[in-house]
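The values are calculated or read from the model by the stated rules, or taken from the named source; none is laboratory data. Model, not experiment: these values are computed from the prediction. All Cβ positions, even for glycine, are placed from backbone atoms using ideal geometry, and neighbour counts span all protein chains on display.
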Amino acid sequence: MLAKLTWTEIKLGLREPTVAVFALAFPLILLYLLLNSFGTLPDPDFGGVSPADWYVPAYAIGSIAATGLIAIPVHLAAYRERGVLRRLRASGIAAWPVLAAQTLVAALIVTVGSAVMVALGDASYELSTPASPVVVAAGFLLATATFCAVGVALASLLPTARAAQVVGLLLFFAMFFISGGGPPEAILPDGVKTVAGALPMAYSVDVLQRGWWTGDWDVTGLVVQAAVLVAATAVAIWRLREV
Amino acid sequence: MTVIEVAGLHRSYGDQVAVEDVGLEVRAGEIFGLLGPNGAGKTTTVECLQGLRRRDRGQVRVLGLDPERDGDRLRRRIGAQLQSSALPDRLRVGEALWLFARDGDGGAPLDQLGRRWGLERLWRRPFAKLSGGEQQRLFIALALVNRPELVFFDELTTGLDPQARRATWDLVRQVRDDGATVVLVTHFMEEAELLCDRVAIVDQGRVVATGTPSELIGRGDAGQRVSFTWPGADAAWLSQLEGVERVTRRADAVEVMGTGPLAVRVAAALAGRGVAPADFRTHHPDLEDVFLALTGRDLRA
Ligand SMILES: Nc1ncnc2c1ncn2[C@@H]1O[C@H](COP(=O)(O)OP(=O)(O)O)[C@@H](O)[C@H]1O
Ligand SMILES: [Mg+2]
């Protein structure tokens, strides 16, 4: 069933690519602009790494957050609002493979997006190779799972696709520019740093950047994301008892 | 054999009570109707039977299973067309059938099913481009694709034109004749009367009567009605007759409602007074009259 649903979601996604394209193109275009304006030299504001080493991991997480916070809630809330989930469940197709299929498709999209970003950084902006591919891969997967779970939870809480779009966009932008997608943390005001510390995205960025630069595990980042993942999954399970 | 057993089913949405003490028994191989006005709680009831809604209390067994505890297992054995549901706009008819068909269940090949429900012409059409009737045919095909033992149809013919409605009724009979049990939710009296082997009349979250359509109509709750033209009718005198409950006059047209052998009594009394209207007519009660008699309200209201 999962294979059938995933294949169906891929086909549907290709027929109506707007939201996915936004989630892919927006971080990519911003990344390109930033790398062009900051050049290629290591910079103390970026913790002594090159702008590409700072921004490529941050924007990989950015594309994960955009997909998880915007694409998934809009899509799933529309399914819920229009009775697609009920239609599927009534025919013996439980909610979990539907959600798993969405997550797989999201993972596919963000992998493609991140690969393009890495290729871009590598080609012209002195992107270094990750110190630990294992930590980077694990951080990438955990962030994908976490943001997809948050997206599913949002969709389960919000009554309409429109509401999901508004809330998803607000959450995404609020997080994105203070959690690594905007100026580097070192030059952010203290108040903004505190807010960023309360949002999950900064933790995902930390895990990925540390893994990229030094190969260390950022344990705090892993634990916070795991906690968000569990909480969001619990909310979704609770809310999707009736669809 | 009993396929569905329900006792004391209760469900509210916040402080709005939708289902208040519903009891039902559906037998294998019958078309069982749930008839009642909008808002009676029919949809909520069948959603509880399918485990799509949780019940607040009550006992429910469907195909020997508890729909809440064994929902996924149960739903693999039943088919459903829901009152309000949809498919993704760009999903095509053929893809929908492929997605919903479980492999290796020995179900009918998809193209055969498509032909049977007249969908082969629409095979590549996206869901959003289907007419109401075509969507309904697709939903019926999806409900039947895995050869269910029990099928739920909720407001199957609402929004269809009379011709499509009649065609759909034939399809429902076919499903029953193929051996499945059918639960049909409707607010059309005519549909219940023509199609259902047995009917439960639902009002304000309760079952007010259950039986075959002819049993329900013959129970005598349903008022008898006669009408005739009598210029200057003596309405007061008519109301005194035995069995008469109500007399209404609109210009010269008189309508008398009551119970028992009403037509014979009224005719005899009129003849005794030398009144012989040429258009004396008796009306056979239908399920709508039964509903009116049981609830004091109009089914169409
Ligand atoms: N999801 C819901 N949330 C709140 N109230 C609902 C919901 N669904 C139905 N109701 C209310 O419950 C009552 C019964 O509705 P329903 O089961 O749909 O009846 P029917 O199918 O007989 O028209 C109605 O008053 C309706 O407004
Ligand atoms: Mg209904």
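Laid out as a table, the results:
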{"quantity": "Residue tally, condition over 17 Å from B:Gln50 (Cβ atoms) and of a type outside the set (D, E, K, R), over region B:14-32", "calculated": "7"}
{"quantity": "Looking only at region B:1-18, and only at residues there that are in contact with a helix residue (DSSP H, G or I) (Cβ under 9 Å, 6 or more places away or on another chain) and away from every other protein chain (no Cβ under 14 Å), the one that is farthest from ligand 1 (Cβ to nearest atom)", "calculated": "B:Ile4"}
{"quantity": "Region B:142-163 - residue that is within 14 Å of ligand 1 (Cβ to nearest atom) and more than 11 Å from chain A (Cβ to nearest Cβ) and, of those, surrounded by the fewest Cβ atoms within 10 Å (Cβ to Cβ)", "calculated": "B:Thr158"}
{"quantity": "Selected residue [among the aliphatic types (A, V, I, L, M), under 26 Å from B:Leu24 (Cα atoms) and out of contact with any Cys (no Cβ under 9 Å at 6 or more places or on another chain)] from B:Val151, B:Val93, B:Val145, B:Val182", "calculated": "B:Val151"}
{"quantity": "Residue count for region B:27-70, restricted to those that are basic (Lys, Arg), more than 14 Å from chain A (Cβ to nearest Cβ) and more than 20 Å from the chain's Cα centre (by Cα)", "calculated": "2"}
{"quantity": "Some residue of region B:129-136 being more than 24 Å from the chain's Cα centre (by Cα) and more than 16 Å from ligand 1 (Cβ to nearest atom)", "calculated": "yes"}
{"quantity": "Any chance A:Pro130 is touching a residue at least 40 places away in the same chain (Cβ under 8 Å), surrounded by fewer than 17 Cβ atoms within 10 Å (Cβ to Cβ), in a loop (DSSP other than H, G, I, E, B) and of a type outside the set (Gly, Ala, Ser)", "calculated": "no"}
{"quantity": "Criterion violated by A:Leu99 - all others in (1) surrounded by fewer than 23 Cβ atoms within 10 Å (Cβ to Cβ); (2) within 30 Å of B:Arg77 (Cα to Cα); (3) more than 14 Å from every other protein chain (Cβ to nearest Cβ) satisfied", "calculated": "(1)"}
{"quantity": "Count of region A:224-242 residues which are part of a helix (DSSP H, G or I) and either under 29 Å from A:Pro51 (Cβ atoms) or of a type in the set (Lys, Arg) (or both)", "calculated": "4"}
{"quantity": "Some residue of region B:161-173 being among the hydrophobic types (A, V, I, L, M, F, W, C) and over 18 Å from the mean Cα position of the chain (by Cα)", "calculated": "no"}
{"quantity": "Residue in region B:42-60 that is among the β-branched types (Val, Ile, Thr), within 25 Å of B:Val290 (Cα to Cα), buried (at least 24 other Cβ atoms within 10 Å of the Cβ) and modelled with pLDDT of 95 or more present", "calculated": "yes"}
{"quantity": "Matching entry among A:Glu81, A:Glu16, A:Glu9 (being within 14 Å of chain B (Cβ to nearest Cβ), farther than 30 Å from A:Ala123 by Cβ and either free of Cβ contacts under 8 Å to residues at least 24 places away in the same chain or crowded, with 23+ Cβ neighbours inside 10 Å (or both))", "calculated": "A:Glu16"}
{"quantity": "Residue check for B:Asp203: surrounded by 17 or more Cβ atoms within 10 Å (Cβ to Cβ), among the charged types (D, E, K, R) and assigned by TED's automatic domain parsing to the domain that holds B:Thr44", "calculated": "yes"}
{"quantity": "Which listed residue, of B:Val151, B:Val183, B:Val175, B:Val145, is within 16 Å of ligand 2 (Cβ to nearest atom) and in contact (Cβ under 8 Å) with a residue 12 or more places away in the chain", "calculated": "B:Val183"}
{"quantity": "Test: residue in region A:102-124 that is more than 28 Å from A:Ala174 (Cβ to Cβ), more than 23 Å from the chain's Cα centre (by Cα) and more than 14 Å from every other protein chain (Cβ to nearest Cβ)", "calculated": "yes"}
{"quantity": "Boolean, A:Ala66 is under 27 Å from B:Leu74 (Cα atoms), in a helix (DSSP H, G or I) and of a type in the set (A, V, I, L, M, F, W, C)", "calculated": "no"}
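So that you can scan it fast, the table gives a plain yes or no per residue for (1) in a loop (DSSP other than H, G, I, E, B); (2) near ligand 1 (Cβ under 8 Å from one of its atoms):
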| position | (1), (2) |
| --- | --- |
| B:Glu25 | no, no |
| B:Gly29 | yes, no |
| B:Phe32 | no, no |
| B:Ala40 | yes, yes |
| B:Leu52 | yes, no |
